[in-house]
Amino acid sequence: MIGFFGTLFARAEPKLSEATVRDAPAIAALHAASFRRGWSEQEVETMLADRHVVAHRALCGARLGGFIMARLVIDEAEILSVAVARAQQGRGIGRQLLTLHLRRLAGLGARTVFLEVDEHNSAAIRLYDRAGFREVSRRANYYAGEGGHSTAALVLRRDL
């Protein structure tokens, strides 16, 4: 009986796949819920239609559980954004998306990947550190913070 209820209420593994322009509304909504300045649906749609942009999504049932998006030009990629829905955080979805994404970027010829992260975003910094990213620069006063205070962006790099 306990096994039955465990199976009934167990969370299914997210399904990871490439994101398409049809995902723009859900990605824009998740981005807006995750960041101070969210992307509009049109901005996301434009990025997803760009041949230089690579994007993956994690579906948890029928809902978007997370996404990752990068721009790849020649052999350098920049991760533009990563977000995991609040209800799905702590389940390893960010790690799974990042791992899949880095493999895909390497398969497309990327040799180096860069990203920027708020110096106070400890969960993201931990994720990137575990994935082998290292700080190469810092941009002071890059992100607008609460109460008029700004925070630095850490520029991270990983060679593939």
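So, M47, is that one among the aliphatic types (A, V, I, L, M) and within 22 Å of R158 (Cα to Cα) or not? Against the criterion (among the aliphatic types (A, V, I, L, M) and within 22 Å of R158 (Cα to Cα)), M47 does not qualify. Answer yes or no as to whether L100 is of a type in the set (A, V, I, L, M), within 14 Å of the chain's Cα centre (by Cα) and over 25 Å from R37 (Cβ atoms). Judged against the criteria, L100 is a match.
L48 fulfils the conditions (1) within 13 Å of the chain's Cα centre (by Cα); (2) within 20 Å of A110 (Cβ to Cβ) except for a single criterion, (1). Does the range 128-139 contain at least one residue that is of a type in the set (A, V, I, L, M) and more than 21 Å from R57 (Cα to Cα)? Yes, some residue in the range 128-139 is of a type in the set (A, V, I, L, M) and more than 21 Å from R57 (Cα to Cα).
Of the residues making up the range 8-57, those that are in a loop (DSSP other than H, G, I, E, B) and of a type outside the set (F, W, Y) number 14. Among the residues of the range 132-145, at least one is farther than 20 Å from D50 by Cβ, among the polar types (S, T, N, Q) and in a strand (DSSP E or B).
For first residues located in the range 108-119 and surrounded by fewer than 17 Cβ atoms within 10 Å (Cβ to Cβ), partners that are part of a loop (DSSP other than H, G, I, E, B) and of a type in the set (A, V, I, L, M) and lie 6+ apart or on another chain with Cβ distances below 6 Å form the pairs R111/L160. Of the residues making up the range 61-80, at least one is of a type in the set (A, V, I, L, M, F, W, C), part of a loop (DSSP other than H, G, I, E, B) and at pLDDT below 95.
Residues that are of a type in the set (S, T, Y) and more than 13 Å from the chain's Cα centre (by Cα) within the range 18-42 comprise T20, S40, listed in sequence order. If you go through the range 105-117 and keep only what is more than 14 Å from the chain's Cα centre (by Cα) and in a helix (DSSP H, G or I), you end up with A106, G107.
Residues in the range 64-81 that are within 16 Å of the chain's Cα centre (by Cα) and either within 20 Å of V155 (Cβ to Cβ) or surrounded by fewer than 17 Cβ atoms within 10 Å (Cβ to Cβ) (or both): I68, M69, A70, R71, L72, A77, E78, I79, L80, S81.
The values are calculated or read from the model by the stated rules, or taken from the named source; none is laboratory data. Because the structure is predicted, anything quoted here is derived from the model rather than measured. Don't worry about glycine lacking a Cβ; one is built from the backbone with ideal geometry, like all the others, and counts go over all protein chains shown.
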